[in-house]
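Beneath this line is the structure, given in structure tokens, with notes to follow.
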Amino acid sequence: MIASAIGKTFLDAYNAREKSHLSAEEFFEQIFFPLFYDDEKIMQWVHGSPFFQLASVEKKQHIPERRKEVFGYFKSEIAKGKPHGGLAIGYPAGNKYDSKGTYVVEYATTSSQISSLEIPLDPETLYLSWIGGGLGIGVQGGLCIFLNHADILMKLFEGWTIYRTSFLNKISKLKGSQIETWNGQWLAHCLGEDFIPEHPLLEFSPIDKAGERLETQTWLRVLAGIALNYSAENLTGYVYSYGQTNRSIGFIPFVLPQIKRPITLFRKLFGATVKLEAEKIEDLFGTEYGFLKACEMGIIGLKAMAPKGVQAYIGSKDSEAKIPKYPKNTESQPLTFSIYITWVIAMLNNEELWNEAEAYAQALVAYESGAGKGRMDRTNDIKTFLSASFQKPILSALSTIAEKAESKEPFLELGKTIHFLPNDNVPYFMTLIRFRYAFIKK
């Protein structure tokens with residue numbers, strides 16, 4: 001059903017732009033079928049469909065006359081109005097009727113959105129499901145996203161012809177049936193800051209090294225492109241996987257301002273010192289979780305943007321926090337550390353705490369340098385303090401430092417800051433102090 005809704009949103013937008021009045025059936029026959037199926041290489045693999053049977057069972061997709069015959073059969077079946085997964089995207093595997101004509105639900109791995117009710121569906125709705133099905137966005141992890149957003153759907157449509165003419169028809173080794181994967185690659189590319197509409201293929205290399213398949217785009221790169229272009233909006237996406245086994249993850253909210261925040265914050269904090277393409281920077285966010293795990297959080301927002309490995313520097317109830325180790329032979333910050341810092345500041349939603357963390361780190365270094373020669377007690381005091389992530393052990397360690405310090409004021413102020421911070425923010429603020437301290441010590 002959701003595929004039909006996506007198809008309708010798209011077709012309304014298409015007709016509005018083209019000042020046309022095409023029905024779903026007319027669009028399918030005039031535009032969709034010629035692009036997707038009237039060629040030896042098909043663009044979409046719909047398990048159990050007549051086009052699937054022609055290509056995989058008969059292996060006669062290369063015969064134009066046979067393609068036309070199958071298309072005619074497909075249209076006649078659609079006209080009957082009793083759809084199954086081979087005639088409509090995302091529907092049950094097959095509709096069965098007993099000897100009395102009573103509808104019987106078939107449960108199978110290829111079924112989706114099953115209901116015991118026989119819902120009458122007109123052919124227009126079924127054609128819309130095919131159009132919508134061609135607009136799924138494939139991301140790493142074998143999952144796809146439907147986004148009911150007219151402008152995004154139009155951008156995906158604009159990529160269909162490029163996929164056909166510039167890739168499938170020109171690269172002999174390139175396998176077909178990867179429209180969802182293409183959509184993910186194309187959307188991330190066309191929403192990128194370096195995209196030039198007049199030269200759409202510039203700096204675009206979505207194919208694997210063997211030249212046989214499209215590489216799947218990361219979910220973060222796709223959503224980052226959307227967030228940077230539509231940050232004033234929040235979107236709800238339908239996450240799924242259709243194939244030999246159908247999976248429905250469900251409707252997931254994408255909080256675009258949160259997804260955008262660490263990317264723009266990174267550029268503000270480190271853009272002048274870290275020379276790396278923006279797209280590679282984006283790849284480092286969101287690596288702690290796979291897309292499925294991120295969806296299990298209930299929303300895709302800032303928490304899902306966590307970079308891999310950052311938790312070790314934040315600490316937990318079960319483990320002490322690590323103190324970063326900066327290289328001594330360079331003044332530049334390692335890129336991963338810059339990414340960690342950016343995400344932590346974004347979680348705090350307070351850039352001023354980064355500057356405060358530096359002042360407190362300076363005080364810690366001064367305290368440590370006041371130890372007598374060969375004495376390690378102050379170094380151990382600082383290690384105890386920096387390894388703690390929660391308020392009680394932090395304040396206890398800080399009390400020890402304040403008692404010994406020649407200048408107590410910075411540590412008293414730090415104690416007040418820790419005390420009044422929300423409990424959830426304390427581990428993140430301590431993480432900033434750790435990174436500031438480690439960088440100064442380097």
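The values are calculated or read from the model by the stated rules, or taken from the named source; none is laboratory data. Predicted model, so just to flag it, every value in this text is computed and none were measured. Cβ placement follows ideal geometry from the backbone for every residue including glycine, while neighbour counts extend to all protein chains displayed. The accessibility values were calculated without ligands, DNA or RNA, using every heavy atom of the protein model including side chains. Shrake-Rupley method; radii C 1.70, N 1.55, O 1.52, S 1.80 Å.
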Legend entry - Hits in segment 414-436 - residues which are free of Cβ contacts under 8 Å to residues at least 40 places away in the same chain and either within 15 Å of Tyr313 (Cβ to Cβ) or of a type outside the set (A, V, I, L, M) (or both): Gly415, Lys416, His419, Phe420, Pro422, Asn423, Asp424, Val426
Legend entry - Scan of segment 384-426 for residues that are within 18 Å of Lys322 (Cβ to Cβ) and out of contact with any helix residue (DSSP H, G or I) (no Cβ under 9 Å at 6 or more places or on another chain), ordered by number: none
Legend entry - Subset of segment 406-432 that is surrounded by fewer than 18 Cβ atoms within 10 Å (Cβ to Cβ) and polar (S, T, N, Q) - its residue that is farthest from the chain's Cα centre (by Cα): Ser407
Inset, instruction - Could you please find all residues in segment 124-149 being within 19 Å of the chain's Cα centre (by Cα) and open to solvent by 10 Å² or more (accessible area, probe 1.4 Å)? - result: Gln140, Gly141, Gly142, Cys144, Asn148, His149
Inset, instruction - Would you please name the residue that is least open to solvent (accessible area, probe 1.4 Å), looking only at residues in segment 170-223 that are among the basic types (Lys, Arg) and in contact (Cβ under 8 Å) with a residue 12 or more places away in the chain? - result: Arg221
Inset, instruction - For segment 53-63, name all the residues that are in a helix (DSSP H, G or I) and open to solvent by 60 Å² or more (accessible area, probe 1.4 Å). - result: Gln53, Val57, Glu58
Legend entry - Residue in segment 6-27 that is under 30 Å from Arg213 (Cβ atoms), assigned to a helix (DSSP H, G or I), touching a strand residue (DSSP E or B) at 6+ places or on another chain (Cβ under 8 Å) and aliphatic (A, V, I, L, M) present: yes
Legend entry - Whichever residue in segment 72-82 is touching a helix residue (DSSP H, G or I) at 6+ places or on another chain (Cβ under 7 Å), open to solvent by 10 Å² or more (accessible area, probe 1.4 Å) and not aromatic (Phe, Trp, Tyr) and, among such residues, is farthest from Cys144 (Cα to Cα): Ala79
